[in-house]
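The next block holds one structure in the form of structure tokens; read it before the comments.
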Amino acid sequence: MAAEGERAKPVAQSGMENFRKVRTSEEEMPLPFPDLSPDVVEMKVKEGSKIRNLMNFAMAQMELKGSRQIIFSGSGRAVTKTITCVEIMKRKLGGLHQVTKVRYKTVLEVWENQDLLPDSPAQNLTVHKNVPSICILLSRDPLDPNQTGYQPPEPQHGLGEAGEDTLGSSTKGLKRPLPPPREELLPKKLQVQVPDSPRGSGTTAGQLDH
């Protein structure tokens with residue numbers, strides 16, 4: 001029993017509390033797309049990647065350098081960020097054909113024991129993980145619509161002849177639907193059409209609001 005004023009030492013729960021991850025490496029896998037364009041751009045999205053930095057580089061490749069195809073790939077916790085980058089690219093450029101491939105990738109983690117005696121040899125623990133991975137191809141040129149994971153270009157809404165949003169830059173990137181026409185916001189009783197009175201003193205719509 002612990003003496004008064006002293007706390008009992010907690011019991012180890014998992015045996016991993018003394019280990020620290022020192023290295024992580026991913027299995028290199030070939031791209032799952034045939035007949036890629038020679039100027040295809042590959043964007044490898046990591047968990048700590050900044051979406052703004054990724055998109056600035058990707059847009060420069062597609063708009064300034066004229067690349068026809070771009071690939072976004074990510075695994076594990078970076079899958080959601082990868083999909084976000086793809087949706088931003090599709091919204092900014094428009095008219096892009098898409099092919100999505102989902103697979104598993106092996107991740108190697110090396111853990112080192114930090115609680116060793118001075119003369120003890122180093123103890124490393126190697127962990128192999130199979131994590132979900134996503135690879136998405138966006139192309140300005142048409143792709144085979146019969147291949148698994150193909151999506152045609154999304155229809156463009158609210159774009160003028162020059163491809164610019166006719167509603168102004170303040171609505172760019174918003175997925176919320178446009179507000180209904182002004183008359184739909186009025187009470188239904190204000191929309192009633194009342195025929196003229198035989199005496200010529202017809203009731204107006206404003207008078208129905210009483």
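The values are calculated or read from the model by the stated rules, or taken from the named source; none is laboratory data. The structure presented is a predicted model; accordingly, all values stated were derived computationally and were not measured. Note: ideal-geometry Cβ built from the backbone for every residue, glycine included; neighbour counts use all protein chains shown. For accessibility, only protein heavy atoms count, side chains too; no ligands or nucleic acids. Shrake-Rupley method; radii C 1.70, N 1.55, O 1.52, S 1.80 Å.
Using θ = phi - 60° in the Karplus curve 6.51 cos²θ - 1.76 cosθ + 1.60, the 3J(HN,Hα) couplings for region 30-44 round to x, 5, x, 10, x, 6, 6, 5, x, 9, 4, 9, 10, 10, 8 Hz; x is entered for Gly and Pro.
Each of the peptides 33-44, 75-86 was scored by the mean count of other Cβ atoms within 10 Å over its residues; in descending order, highest first, they stand as 75-86, 33-44.
Lys46 exposes around 100 Å² of accessible area when a 1.4 Å probe is run over every protein chain in place.
Take the solvent-accessible surface of the protein heavy atoms, probe 1.4 Å, and return the percent of it on region 56-112 that carbon and sulfur atoms account for.
Its accessible area is 52 percent carbon and sulfur atoms.
Packing, as the average of other Cβ atoms within 10 Å across residues, places the peptides 90-97, 22-29 in the order 90-97, 22-29, highest first. Tyr150 contributes an accessible area of around 50 Å² to the protein surface, as traced by a 1.4 Å probe with all chains present.
Surface listing: Arg103, Arg140 arranged by accessible area from highest to lowest gives Arg140, Arg103, probe 1.4 Å. Counting only heavy atoms of the protein chains and using a 1.4 Å probe, Leu64 has close to 150 Å² of accessible surface.
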